[in-house]
Every structure is written in C-alpha cells, then in structure tokens.
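Trainee: Mind having a look at this structure? Questions to follow.
The values are calculated or read from the model by the stated rules, or taken from the named source; none is laboratory data. Every value quoted in this text rests on a predicted model; they were computed, and no experiment measured them. We place every Cβ from the backbone using ideal geometry, glycine too, and count neighbours over all the protein chains shown. Heavy atoms of the whole protein, side chains included, go into the accessibility calculation; ligands, DNA and RNA do not. Shrake-Rupley method; radii C 1.70, N 1.55, O 1.52, S 1.80 Å.
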Amino acid sequence: MAALQLETDLLAQVGAGQLADSAEFAEAHNVDHQAVVGLLKSLVMADMVVMEAIEHSRLTVTPAGQLYVGVAAPEVQVFNAVPAEGITLADLKTQLGVAGDVGFKQAMQNKWVGIDKSGGEPKVVRKVESVQDTVLPILNALAAGQEGSLNEAELTPLMRRKLVAKEAWKTWKVGKGPCFALQRKKAATELTTDMLQSGAWRDTTFKPYNFDALGLPPSGGHLHPLLKVRTQFRKIFTQMGFEEMPTNNYVESSFWNFDALFQPQQHPARDAHDTFFLTKPAATPASNFPADYLERVKQTHQHGGFGSIGYGYDWKVAEAEKNLLRTHTTAVSSRMLYRLAQEGFHPAKYFSIDRVFRNEAIDRTHLAEFHQIEGVVCDYGLTLSDLIGTLQQFFDRLGLKKLRFKPAFNPYTEPSMEIFSYSEQLEKWIEVGNSGMFRPEMLRPMGLPEGVNVIAWGLGLERPTMILYQVDNIRDLFGHKVSLSMVRKNAICRLGL
Ligand code: FB9
C-alpha cells in the first residue's frame with residue numbers, strides 16, 4: 001500500500017479517535033508493524049500525533065527448548081536411555097546428542113540417575129524406578145500458545161534453563177498531536193523571499209530544525225597515525241632549533257650509506273642478508289663521488305689517520321659503488337655533514353624522519369622497512385655529556401622523563417649508547433633509541449675542522465606510534481593489512497602534548 005495512502009488512513013483513524021493499537025492498524029492494512037512505527041515517528045516529529053506505548057510480553061519456547069516440544073524433556077530422554085546395566089556417559093551423549101548433555105545434568109540434579117564407578121568404566125545408572133515428565137506439557141502448552149494455563153512456579157525453572165524465554169514488545173496507542181490534521185501539510189524547509197513578500201510565511205508550517213541532527217560527517221583527508229606522530233616529532237625538532245634534512249632518496253650508494261660512515265666493506269650489515277642491493281641500476285659510478293674525498297675515505301678505511309689505525313683491509317671502489325635501499329637515514333647525515341664541511345663549517349643541528357629498509361626477519365614489531373628519526377648536532381668541543389643533555393631535552397618533550405644509557409657499538413660512532421626510558425604507560429623500561437659521537441674517521445675525511453664533534457641519535461617512528469595508538473602488531477599499523485577505517489578514525493596524536 002502506498003505510503004501516502006497509509007498515512008491518510010492512519011490520520012483518518014486518529015481523527016476518528018480509533019487508533020487504539022498500531023499493531024491492529026498494521027494488520028488491517030497488511031503492512032509491517034515497523035513501517036507503521038516509522039510513519040508514526042515522523043508524524044510525531046511534525047507534532048501531528050502523539051504515541052502512547054502499550055507494553056506486551058509473552059513467554060515463548062526458545063530454539064533450545066524447541067528440540068523437546070512434542071518429544072520429551074531432555075532429562076526424561078536421558079532417564080529412558082539408561083538401561084538397567086547402566087550406560088557410559090559417552091554412549092549416552094552419542095545416543096542423545098544435545099539432549100544427552102542438557103538432560104544428564106538435570107537428571108543428576110533430579111537425583112534420577114547417578115554415576116556407578118564400581119565396574120571398570122564409570123556408568124550412568126538409574127536411581128529411581130520411574131520418572132514423570134512435568135516439563136513436556138509446559139513446553140507443548142507454550143508452543144501451542146496456551147500460556148494462560150501455566151503458572152510462574154512451573155515456568156521460572158524452565159526460563160533459568162533457557163528452554164523458555166519472555167518476549168516483550170511494544171505497540172502504540174495513537175492520539176491527536178498539537179498540529180493534528182487529516183492531511184500532512186508539507187512543512188516548508190526554508191523561508192523564501194516570495195513568502196516574505198507575499199506574507200505567506202505567516203500561515204506556513206515550517207519543518208522544525210533538528211538541532212540534534214549530526215549532519216553529514218565533514219569529508220576530508222585523514223592522516224595516518226604515523227604521519228601524525230611524525231608531525232609531532234617535527235615540531236619537537238624545530239622547537240629545538242633543528243633543520244630538516246632532505247631525505248627524498250630511498251636509493252643510495254654504498255659509499256654514502258656505509259663507506260662515508262667508516263663502516264668496513266666486510267661488515268655483516270653490508271651483505272644481502274641485511275641490505276636490499278639493487279640490480280638495476282646496480283651501481284653509481286665512482287665519478288659521482290667527490291674524488292678527493294673518496295680517496296680520503298679509502299685511505300682512512302685502509303690505514304686510518306686522525307688518531308685511528310683504520311681497518312687495514314683492501315678497500316674496493318666497486319663495493320662503494322653498489323646501489324642499495326638505504327638502511328638508515330644516517331646516509332643522509334653523511335651527505336649533509338660532507339656538504340657542511342665543503343661549504344665552510346658552522347655549528348648546525350639537523351634532523352631527518354623518513355623510510356629506511358633492512359632485509360631483516362619480520363615480526364610483531366619489525367618490518368623490512370620502517371621510519372627512522374635521527375638528530376645530529378655539530379659544533380666545536382661537543383662531548384658525551386652534550387649528547388646526554390640533548391637526549392634528555394629531546395625525550396623530555398616526548399613525555400619520557402627518566403632515561404638510562406647502556407654502552408653499545410655502532411661502526412660510525414664511538415662511544416655509542418643505547419637509550420632506555422621508563423614508560424609510565426607501559427609501566428616498564430623500554431629501549432627508545434641509539435646514539436653516539438660520530439668517529440673522527442668519519443668526520444675528518446669530510447673536511448670538518450679539527451675540534452668539531454658531532455653527536456647523533458636515532459629512533460624509530462613505528463614503536464612510539466604503536467604505543468600511543470595501542471597497536472599490538474606492526475602489520476596493523478603499516479602495510480597492506482592496514483584497515484582504512486583505522487586511518488579514518490584514529491585519534492589526535494598526544495605525543496609531547
Ligand atoms: O624507536 C625505538 N623505540 C622507541 C622510541 C620511542 C618510543 O616512544 C614512546 C612514546 C613513548 C618508544 C619506543 N627503538 C629504535 C627501540 C626499539 O624499538 C628497537 O627494537 C627497534 N629500533 C629500530 C631499529 O630496528 C632495527 C628502533 C629503530 C632504530 C634503532 C636505532 C636507530 C634508529 C632507529 C639509530 C641510530 C643512530 C645511532 C647513532 C647515530 C645515529 C643514529
């Protein structure tokens with residue numbers, strides 16, 4: 001039946017004061033009761049009618065109880081299935097299925113059966129001669145809709161056994177509302193100049209503003225949590241006077257990624273087990289590297305200098321030419337420090353936050369790529385305490401007040417320290433990064449003046465993001481398994497706030 005016709009009939013009945021029960025109206029018009037309720041709600045919104053709830057409830061046999069209607073109560077089925085010599089519980093359950101399970105517990109409770117352990121295997125045996133099925137008549141009566149003949153005492157235990165349940169629902173008595181009319185006047189949704197000029201606005205019904213309406217959610221972009229945390233880290237670095245390094249080159253040469261950092265060519269990190277080497281373009285011709293600087297790097301690796309004995313191995317330019325996916329943004333720091341030396345040294349503070357790639361085992365917190373955050377401070381006479389002080393400044397802004405340092409080793413820093421902090425959120429000490437003083441074997445060949453020291457530290461972007469956004473597995477944060485709704489709905493980043 002057309003909605004409008006239904007509305008007209010409904011308003012006519014209300015007008016005649018005869019809409020005592022919305023269910024009867026739905027039945028009479030052969031429409032679903034929910035449709036009538038929907039219509040009523042919109043008429044209430046227009047103040048045309050008022051609705052008064054009529055509570056209904058009835059007891060029905062649950063789907064679990066349906067199994068026994070017209071058969072026998074499960075406990076009776078069990079009793080009947082127990083032969084004089086007894087039966088194992090397993091056989092009973094095989095024989096009766098669900099009824100066996102449910103019935104056995106109840107039959108035990110009714111002390112109709114018991115367990116006889118005297119023989120080998122425990123047997124279910126009868127403990128009474130006969131039983132009377134007081135449950136089946138109730139289930140049958142209910143299934144037949146004869147609820148009236150039953151009393152609470154009989155029903156409560158079956159409700160507790162979830163064989164019977166109370167079903168409650170509402171229908172509505174409908175009366176005239178303050179703006180009742182037999183026809184719904186199309187409520188105007190806007191005040192137009194014509195209405196104003198003609199004065200028609202005076203007897204126009206306007207659709208009431210629904211100030212609770214949420215309206216369309218503002219569409220717009222959504223930042224991935226990693227990018228929100230990155231923004232916070234950027235803010236912290238810029239607040240501390242750091243300048244961001246250009247990191248827009250995932251592909252790097254071994255020269256800037258390893259050799260410039262005084263990382264020896266036979267270092268384990270330099271083989272394909274740890275590093276993604278490129279096949280095309282496989283190499284960066286050495287002519288792309290500053291020749292004099294390349295020679296100094298070679299000499300330093302082979303013979304040392306600047307107080308170092310070097311590694312004493314045969315340094316190969318071919319190894320340095322190999323292209324790879326950068327394993328750390330420290331490769332960018334080496335380029336920046338070389339440029340700083342070439343342009344004429346001045347104290348500087350740099351930072352980088354971008355992707356790095358490591359051919360490592362993937363687990364809950366590690367992928368083959370992650371975002372490295374790095375801070376570098378270069379100046380005359382910098383010491384380890386400057387590094388520790390700077391780290392306290394930096395992590396303090398992350399809300400990590402208490403730091404501990406553990407001696408560590410990096411090929412390009414000496415001394416090196418792993419950084420640990422007490423996370424109030426996780427209530428434990430966690431590793432929050434690594435740091436050190438860049439080696440003179442790295443800095444001097446670049447041309448950085450004697451006396452200039454460079455302190456640096458690094459951490460990941462993924463771990464803080466996982467902790468802040470309670471993401472347990474890194475695959476749910478980064479990669480093809482990420483749910484877009486997580487990106488759409490993730491909260492503001494409160495790091496350092
Ligand atoms: O980020 C790490 N942990 C971390 C950082 C912040 C944080 O904040 C919480 C909100 C409160 C929580 C945790 N780590 C470094 C520690 C571990 O997660 C570690 O298991 C994984 N590390 C990555 C490398 O994994 C192979 C994190 C990544 C890392 C480690 C070292 C460096 C950079 C990134 C470095 C460096 C460095 C050293 C000297 C000079 C220059 C750079």
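Trainee: Only one of A361, A331 is open to solvent by 30 Å² or more (accessible area, probe 1.4 Å), within 11 Å of the ligand (Cβ to nearest atom) and aliphatic (A, V, I, L, M); which?
Mentor: Going through A361, A331 in turn, the sole match is A361.
Trainee: Checking H346 against (1) open to solvent by less than 40 Å² (accessible area, probe 1.4 Å); (2) over 18 Å from W256 (Cβ atoms); (3) without any contact (Cβ under 8 Å) to a residue 60 or more places away in the chain, which single condition isn't satisfied?
Mentor: (1)
Trainee: Considering the stretch 1-53 alone, what residues qualify as being touching a Pro at 6+ places or on another chain (Cβ under 9 Å) and at positive phi?
Mentor: Once the filter is applied, which keeps residues that are touching a Pro at 6+ places or on another chain (Cβ under 9 Å) and at positive phi, the stretch 1-53 yields only D47.
Trainee: Here's a follow-up. Does S352 qualify as being part of a helix (DSSP H, G or I), open to solvent by less than 10 Å² (accessible area, probe 1.4 Å), at negative phi and not hydrophobic (A, V, I, L, M, F, W, C)?
Mentor: No: the conditions fail for S352.
Trainee: Looking at F405, F395, which one is closer than 30 Å to F306 by Cα and out of contact with any helix residue (DSSP H, G or I) (no Cβ under 6 Å at 6 or more places or on another chain)?
Mentor: F405
Trainee: Then there's this: Can you name the residue in the stretch 249-269 that is part of a helix (DSSP H, G or I) and among the small types (G, A, S) and is also surrounded by the fewest Cβ atoms within 10 Å (Cβ to Cβ) among such residues?
Mentor: Among residues in the stretch 249-269 that are part of a helix (DSSP H, G or I) and among the small types (G, A, S), the one surrounded by the fewest Cβ atoms within 10 Å (Cβ to Cβ) is A269.
The rows are residues; the columns are (1) in contact with a helix residue (DSSP H, G or I) (Cβ under 9 Å, 6 or more places away or on another chain); (2) at negative phi; (3) modelled with pLDDT of 95 or more.
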| residue | (1), (2), (3) |
| --- | --- |
| N434 | no, yes, yes |
| L443 | yes, yes, yes |
| V452 | yes, yes, yes |
| G460 | no, yes, yes |
| M466 | yes, yes, no |
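Trainee: Looking only at the stretch 271-306, which residues are under 30 Å from G451 (Cα atoms) and at pLDDT below 95?
Mentor: Passing the criteria: only F306.
Trainee: Looking at the stretch 231-244, is at least one residue open to solvent by less than 90 Å² (accessible area, probe 1.4 Å), among the hydroxyl-bearing types (S, T, Y), modelled with pLDDT of 85 or more and under 46 Å from the mean Cα position of the chain (by Cα)?
Mentor: There is at least one residue in the stretch 231-244 that is open to solvent by less than 90 Å² (accessible area, probe 1.4 Å), among the hydroxyl-bearing types (S, T, Y), modelled with pLDDT of 85 or more and under 46 Å from the mean Cα position of the chain (by Cα).
Trainee: Filter the stretch 25-52 for residues that are open to solvent by 70 Å² or more (accessible area, probe 1.4 Å) and either free of Cβ contacts under 8 Å to residues at least 40 places away in the same chain or in contact with a Phe, Trp or Tyr (Cβ under 6 Å, 6 or more places away or on another chain) (or both) and give the result.
Mentor: Listed by number, the residues that qualify are E27, A28, N30, D32, Q34, K41.
Trainee: Please specify each residue of the stretch 270-297 satisfying the condition of being outside any loop (DSSP other than H, G, I, E, B) and open to solvent by less than 60 Å² (accessible area, probe 1.4 Å).
Mentor: Passing the criteria: R270, A283, A286, Y293, L294, V297.
Trainee: How about the stretch 133-153: which of its residues are modelled with pLDDT under 85 and of a type outside the set (G, A, S)?
Mentor: Once the filter is applied, which keeps residues that are modelled with pLDDT under 85 and of a type outside the set (G, A, S), the stretch 133-153 yields Q146, E147, L150, N151, E152.
Trainee: Another question, then. So which residues in the stretch 158-175 are open to solvent by less than 50 Å² (accessible area, probe 1.4 Å) and part of a helix (DSSP H, G or I), if there are any at all?
Mentor: L158 - this is the single residue of the stretch 158-175 that is open to solvent by less than 50 Å² (accessible area, probe 1.4 Å) and part of a helix (DSSP H, G or I).
Trainee: Another one. Residues in the stretch 371-383 that are open to solvent by 50 Å² or more (accessible area, probe 1.4 Å) and either within 11 Å of the ligand (Cβ to nearest atom) or in contact with a strand residue (DSSP E or B) (Cβ under 6 Å, 6 or more places away or on another chain) (or both): how many?
Mentor: So the count comes out to 1.
Trainee: How about the stretch 26-47: which of its residues are among the hydrophobic types (A, V, I, L, M, F, W, C) and assigned to a loop (DSSP other than H, G, I, E, B)?
Mentor: The answer is V31, A46.
Trainee: A follow-up question, please. Given T189, T205, which one is farther than 30 Å from V482 by Cα and surrounded by fewer than 11 Cβ atoms within 10 Å (Cβ to Cβ)?
Mentor: None of the other options fit; the residue is T189.
Trainee: Going through G114, G120 one at a time, which residue ends up being open to solvent by 60 Å² or more (accessible area, probe 1.4 Å) and over 18 Å from L163 (Cα atoms)?
Mentor: The conditions single out G120.
Trainee: Residues that are exposed (fewer than 15 other Cβ atoms within 10 Å of the Cβ) and more than 8 Å from the ligand (Cβ to nearest atom): find the strands (runs of 3 or more DSSP E) completely inside the stretch 393-484 holding 3 or more of those.
Mentor: 403-410
Trainee: For the stretch 147-195, which residues satisfy the criterion of being in contact with a helix residue (DSSP H, G or I) (Cβ under 8 Å, 6 or more places away or on another chain) and of a type in the set (A, V, I, L, M)?
Mentor: Across the stretch 147-195, the qualifying residues are L150, L155, L158, L163, V164, A165, V174, A181, L182, A188, L191, M195.
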